[in-house]
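A short write-up of the structure that comes next.
The values are calculated or read from the model by the stated rules, or taken from the named source; none is laboratory data. Predicted, not measured: the structure shown is a model, and the values here were computed from it. Glycine gets a Cβ as well: all are built from the backbone with ideal geometry, and neighbour counts include every protein chain shown. The protein model used for the area step is the full one, side chains on, heavy atoms only, and it has no ligands, DNA or RNA in it. Shrake-Rupley method; radii C 1.70, N 1.55, O 1.52, S 1.80 Å.
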Amino acid sequence: RTTTIISYGSTRTLADVIEQAERGVVVVAVKGLGSNPNSQGSGFFIDSIHVVTNRHVIEDGGFAEVQLKNGRSYRVEGIVAEDSGNDLVLLRIDIPRDAGHRALPLNTTEPRKGEEVYALGAPRGLDFSVSRGIVSAIREMSGMTTSWVIQTDAAISPGNSGGPLINANGEVVGVTSFMRTDGQNLGFAQRAWHVAALRAGGTQTLRQWQDGRLGEIYQTALAAYRAKRFDAAIPLLKRVVEIRPDHADAWFELGYALDKIGKPREAIAAVERHLRNGATGSSAASALFNIGIMHQKLGDPSRASRAFRAVLERDPDDTAALNNLGIHAMRANSWQDAVRYFSRLLQLQPGNSAVRKDLSTALSNIGVEELRAGRTWTAADRFQEALQVDIENNIARLNLGLVAHDLGRGGTVYQMYFELSARDSNLADKLRPFLP
């Protein structure tokens, strides 16, 4: 049975109302920025050149256009007004006045519970669909909006966002904005008087708007990052790099934060993106050093060493990289490499007793390798160098005494024995049998 609507002294069917309303409805097609996919929502004209939609419909876009019911498409010039608290934006459209569209009238009077309403839009990409329902309630949704919203049982799906919720007279009473999926027929719309409150100002292109919005997100992320609230900073930083994949600083901070919460693999990937985005100088060196540390945590010393060597290519005097390379070399029994790294580090930090001790240990171990190879005189020189670097290296003292015995240098054997007697009696006992 055809529904007949009595309005302003004329008789119209529901089909007439919907047909007229659809001339003011648009599909909003959005081209995503960066890694964000293309998407679409809905909207409607409030005059000949301005379209209302939800803010979240265009928040990841760098370009958008609207499609009319007649199939024609027109470019979105930019945003002229915004109500972020109620998830609304007003778009300026590059469209001629005779394009076949019309403005939809607003009804800012609060609709009554039980009043019949119709949701127009593009649910799940099904362009220019209509669903029918009633006003279920006018209620406040805590945490979702700054004011009360219209609850309706009219079917609302992704793609409906930004479309009009109209009454039986074809007037917009709300903007369909979201639904709850933990129940049935739970759709919600912002009230029309929020739309009426939008005032067109200067036009910001979507890219300009995104830049401003991105700056706000990034500053919020930085505040959390600097306060070491990494769990709060990470999703914001991810949002920044989704919108702007070339944001080198955000990639670096994301990598650091991910590492701090125990996700080194993800952290490495983020810091590598920082490097690919053109990091140079100290920034690149710092990034490479962090990659090395994270590979260490993953138990991959080979990749860690490659990263630390890359640091030295940019800054040969990076003490942290030299120290880590020296330690890796010692663990791999690469004593010559250890001597090379620790020698340079000791030049830069002559007062560092830990480096002095490590260098002395490496020299002593080279002496042992020389001795095993039958190069006794060279071994003696290495043990002597080890003692010169660190007078506390009693193992080098013992080995020097043993080599001195093989070389027939009894005086040196006595000297090492007496020094060990004052320093380490157990080692002195090992040298005692070799006294002349």
* Where residues in the stretch 73-95 are open to solvent by 30 Å² or more (accessible area, probe 1.4 Å), more than 15 Å from Gly202 (Cα to Cα) and at pLDDT 95 or above, which of them is nearest to the chain's Cα centre (by Cα)? -> Arg75
* Could you say whether any residue in the stretch 80-101 is in contact with a Phe, Trp or Tyr (Cβ under 6 Å, 6 or more places away or on another chain) and under 16 Å from Ala21 (Cβ atoms)? -> yes
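Looking at Ile156, is it under 22 Å from Asp182 (Cα atoms), open to solvent by 10 Å² or more (accessible area, probe 1.4 Å) and β-branched (Val, Ile, Thr)? It would help to see each step written out before you state the result.
On the way: under 22 Å from Asp182 (Cα atoms): yes; open to solvent by 10 Å² or more (accessible area, probe 1.4 Å): yes; β-branched (Val, Ile, Thr): yes.
Yes; evaluated as a whole, the condition is true for this residue.
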* Consider Trp209 carefully, then state whether it is in a helix (DSSP H, G or I), in contact (Cβ under 8 Å) with a residue 60 or more places away in the chain and hydrophobic (A, V, I, L, M, F, W, C). => yes
* Can you name every residue in the stretch 242-276 that is buried (at least 22 other Cβ atoms within 10 Å of the Cβ) and touching a residue at least 40 places away in the same chain (Cβ under 8 Å)? -> Ile243
* All positions within the stretch 387-416 that are small (Gly, Ala, Ser) and open to solvent by 20 Å² or more (accessible area, probe 1.4 Å) -> Gly408, Gly410, Gly411
* Can you name every residue in the stretch 320-361 that is open to solvent by 50 Å² or more (accessible area, probe 1.4 Å), over 24 Å from Asn394 (Cβ atoms) and in a helix (DSSP H, G or I)? -> Asp337, Arg340, Arg344, Gln347, Leu348
* Within the stretch 237-276, work out how many residues are farther than 18 Å from Lys297 by Cβ and outside any helix (DSSP H, G or I). => 4
* Out of Asn352, Asn365, report the one residue that is among the polar types (S, T, N, Q) and within 40 Å of the chain's Cα centre (by Cα). => Asn352
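Run down Gly374, Gly367 and say which single residue is free of Cβ contacts under 8 Å to residues at least 24 places away in the same chain and either buried (at least 19 other Cβ atoms within 10 Å of the Cβ) or not in a helix (DSSP H, G or I) (or both). Can you show your working first?
Numbers: Gly367 fails: free of Cβ contacts under 8 Å to residues at least 24 places away in the same chain.
The match here is Gly374.
Does Asn107 qualify as being within 28 Å of Met141 (Cα to Cα), out of contact with any Phe, Trp or Tyr (no Cβ under 6 Å at 6 or more places or on another chain) and open to solvent by 10 Å² or more (accessible area, probe 1.4 Å)? It would help to see each step written out before you state the result.
Numbers: within 28 Å of Met141 (Cα to Cα): yes; out of contact with any Phe, Trp or Tyr (no Cβ under 6 Å at 6 or more places or on another chain): yes; open to solvent by 10 Å² or more (accessible area, probe 1.4 Å): yes.
So Asn107 passes the test.
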* Structure fact -> How many residues of the stretch 171-193 are of a type outside the set (D, E, K, R), closer than 15 Å to Glu110 by Cα and open to solvent by 10 Å² or more (accessible area, probe 1.4 Å)? The answer is 1
* Inspect the stretch 20-33 for any residue being at pLDDT 90 or above, closer than 12 Å to Asn169 by Cα and under 46 Å from the mean Cα position of the chain (by Cα) and give the result as yes or no. => yes
* **Failed condition for Asp98, given (1) open to solvent by 40 Å² or more (accessible area, probe 1.4 Å); (2) in contact with a strand residue (DSSP E or B) (Cβ under 8 Å, 6 or more places away or on another chain); (3) in a loop (DSSP other than H, G, I, E, B)** => (2)
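Specify which of the listed residues (Ile134, Ile166, Ile138) is open to solvent by 20 Å² or more (accessible area, probe 1.4 Å) and modelled with pLDDT of 95 or more.
Numbers: Ile166 fails: open to solvent by 20 Å² or more (accessible area, probe 1.4 Å); Ile138 fails: modelled with pLDDT of 95 or more.
Within the list Ile134, Ile166, Ile138, the selection yields Ile134.
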